[in-house]
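To start, the structure itself, in structure tokens.
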Amino acid sequence: MRTRVLTFGLYADEEGLAWVSELVGEAVGSRSARIVDATIVRTWPGSELSPADVYDHLAEQWAVEHPAQSSGAREGVELRVHLVCSLRTWRAIRKTVIKSLCPEGMAPHICRVPWAAA
């Protein structure tokens, strides 16, 4: 087994980040994998761009889906979770997290935390 990284762009506040981290923890805990590090990235050293710049479309998504609500403390960030697991397990965990972030359905719906998988 080797270390693999799950990377998600998120437009979230602290509560949203905690919720997404919990989803990842639940997905990992149900499989033979182990989290060795989790980081919230707000700046990329040596880059002119920040996660807020790269994931600015998520802020736009929030504004469209929540027209009467303030974005509050939400910001564009990148969540990186380092896992020790097989490639097959990594793929299964990633798929589970994505489905949990915004369950698909036939009716239009709004994601609790706008996200992008990298």
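No value in this document is a laboratory result; all are computed from the given coordinates. The structure displayed is predicted, hence computed values, not measured ones. Every residue, glycine as well, gets a Cβ built from its backbone with ideal geometry; the counts of neighbours run over all protein chains shown.
Starting from the Cα gyration tensor of the chain, take the square roots of the eigenvalues, sort them a ≥ b ≥ c, and report rounded, prolate or oblate (rounded when a/c is under 1.5, otherwise prolate if a/b is larger than b/c, else oblate). Walk me through the numbers before you get to the answer.
Numbers: a/c = 2.23, a/b = 1.35, b/c = 1.66.
The shape class here is oblate.
If you fit an axis through the alpha-carbon atoms of helix 56-65 and take the longest principal axis of the Cα set of the chain, what angle between them do you get, 0 to 90°, nearest 10?
60
Can you tell me the 0 to 90 degree angle between the C-alpha axis of helix 14-29 and the longest principal axis of the chain, rounded to 10?
Once rounded, one gets 20 degrees.
Using the basic label-point model (7 angstrom from Cα toward the beta carbon), what is the C111 to K99 distance in nanometres?
Going from the C111 label point to the K99 one covers 1.7 nm.
Helix 87-101 sits at what angle to the longest principal axis of the chain, using alpha carbons and giving 0 to 90 degrees rounded to 10?
Computed tilt is about 30 degrees.
Kirkwood hydrodynamic radius (Cα pairs, Å) of the range 50-107?
Values: mean 1/r = 0.0715 Å⁻¹.
Taking every pair of different Cα atoms in the range 50-107, averaging 1/r and inverting gives 14.0 Å.
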